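Before any comments, here is the structure.
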Amino acid sequence: MTTNEIIRPGAGVLFMKVGTHANESLADIIERKKEEIDSTGFGMWGYGGNTCHPGSMVQPFARSFAERDQSIYLCMEEIESKHFASGVAAEYSVDGETWEEIPDTVEVRGSRYALVVDELHEQHFMLPLEKTRVPVGPSTGRLGSRYIKGQVDKACLEILDEPERSNEEDQREVEIHLVSRLRDPYAVFLRGER
């Protein structure tokens, strides 16, 4: 997948800051996720927070692009982080009501939710946040460069044709280090421990 295909106008991306999680280094997480995808056909990338809630944000966002035969790519910016939560989730649910066991070949550690991915690779490019807009949820229409600030470390974004013209000097680009393709059901709820 080329950078131009990922961040072309009209494309959808899920942006996320990533680093150490559940006391596991990002390098170790990447290696484990690649093994999960190879052995199971998919992996689950764990996360928390409500800015990318599975049912009200990620699933409708991803499905709207799937209806147009477009893939959604998880574009990850590597950051320094300290995350100490522990435990490996036992079950997942698409709707929060019907639960299934997570396959033994997949581990999701220290998370409330997970993105479902079927591809993961390193790819370096700059994502111009002023050329993105939030297309779903209570912040619909908000420019990505204004939305991803402070505690907001992930977002569903649509790539615009051109940056929004503004008097603000806050033209922000973030360096993407890692890319993964989302697959149906795109995001799930997690519970229990194994």
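Considering each residue of segment 43-52, count those that are surrounded by fewer than 18 Cβ atoms within 10 Å (Cβ to Cβ) and at pLDDT 95 or above, and give that number.
Within segment 43-52, residues that are surrounded by fewer than 18 Cβ atoms within 10 Å (Cβ to Cβ) and at pLDDT 95 or above number 0.
Return the residue satisfying two criteria in turn: it lies in segment 72-106 and is modelled with pLDDT of 95 or more, assigned to a loop (DSSP other than H, G, I, E, B) and acidic (D, E), and of such residues it is nearest to the chain's Cα centre (by Cα).
D95
Regarding R63, is this residue among the charged types (D, E, K, R), more than 23 Å from L143 (Cβ to Cβ), surrounded by fewer than 16 Cβ atoms within 10 Å (Cβ to Cβ) and touching a residue at least 12 places away in the same chain (Cβ under 8 Å)? Explain how you work it out, then say what you get.
Working: among the charged types (D, E, K, R): yes; more than 23 Å from L143 (Cβ to Cβ): yes; surrounded by fewer than 16 Cβ atoms within 10 Å (Cβ to Cβ): yes; touching a residue at least 12 places away in the same chain (Cβ under 8 Å): yes.
So R63 passes the test.
Any residue at all in segment 25-35 that's crowded, with 18+ Cβ neighbours inside 10 Å and basic (K, R)?
The answer is yes, given that some residue of segment 25-35 is crowded, with 18+ Cβ neighbours inside 10 Å and basic (K, R).
State yes or no: is V179 under 30 Å from E100 (Cβ atoms), crowded, with 17+ Cβ neighbours inside 10 Å, in contact with a Cys (Cβ under 7 Å, 6 or more places away or on another chain) and not aromatic (F, W, Y)? Can you show your working first?
Values: under 30 Å from E100 (Cβ atoms): yes; crowded, with 17+ Cβ neighbours inside 10 Å: yes; in contact with a Cys (Cβ under 7 Å, 6 or more places away or on another chain): yes; not aromatic (F, W, Y): yes.
Yes, satisfied.
Could you tell me which numbered condition C52 fails, if it satisfies all but one of (1) assigned to a helix (DSSP H, G or I); (2) within 12 Å of Y186 (Cα to Cα)?
(1)
I'd like to verify a number: residues in segment 88-103 that are in contact with a helix residue (DSSP H, G or I) (Cβ under 8 Å, 6 or more places away or on another chain) and surrounded by fewer than 18 Cβ atoms within 10 Å (Cβ to Cβ), how many?
Final tally of qualifying residues: 3.
Being among the hydroxyl-bearing types (S, T, Y) and in contact with a Pro (Cβ under 7 Å, 6 or more places away or on another chain) is the filter here, so list the residues in segment 113-152 that pass it.
Answer for segment 113-152, where residues must be among the hydroxyl-bearing types (S, T, Y) and in contact with a Pro (Cβ under 7 Å, 6 or more places away or on another chain): just Y113.
For (1) among the basic types (K, R); (2) surrounded by fewer than 14 Cβ atoms within 10 Å (Cβ to Cβ); (3) in contact with a strand residue (DSSP E or B) (Cβ under 6 Å, 6 or more places away or on another chain), each residue gets a yes or a no:
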site: S86; (1), (2), (3): no, yes, no
site: T105; (1), (2), (3): no, no, no
site: G110; (1), (2), (3): no, no, no
site: Q123; (1), (2), (3): no, no, yes
site: R142; (1), (2), (3): yes, no, no
site: R146; (1), (2), (3): yes, no, no
site: D161; (1), (2), (3): no, yes, no
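As an exercise: evaluate T140 against (1) in contact (Cβ under 8 Å) with a residue 60 or more places away in the chain; (2) farther than 16 Å from F189 by Cβ; (3) β-branched (V, I, T) and give the number of the one condition it does not meet.
Tallying (1) in contact (Cβ under 8 Å) with a residue 60 or more places away in the chain; (2) farther than 16 Å from F189 by Cβ; (3) β-branched (V, I, T), T140 fails exactly one: (1).
For the list (1) out of contact with any Cys (no Cβ under 9 Å at 6 or more places or on another chain); (2) surrounded by 12 or more Cβ atoms within 10 Å (Cβ to Cβ); (3) of a type in the set (V, I, T), I need the number of the one condition that V136 fails.
(1)
For the condition under 26 Å from K82 (Cβ atoms) and charged (D, E, K, R), what is the one hit in E5, E24?
Of the residues listed, the single one that is under 26 Å from K82 (Cβ atoms) and charged (D, E, K, R) is E24.
Inspect all residues belonging to segment 109-120 and state whether any of them is assigned to a helix (DSSP H, G or I), out of contact with any Asp or Glu (no Cβ under 9 Å at 6 or more places or on another chain), under 16 Å from K17 (Cα atoms) and not hydrophobic (A, V, I, L, M, F, W, C).
no
The values are calculated or read from the model by the stated rules, or taken from the named source; none is laboratory data. Because the structure is a prediction, the values reported are computed rather than measured. In this analysis, Cβ positions are derived from the backbone assuming ideal geometry, glycine residues included, and neighbour counts consider all displayed protein chains.
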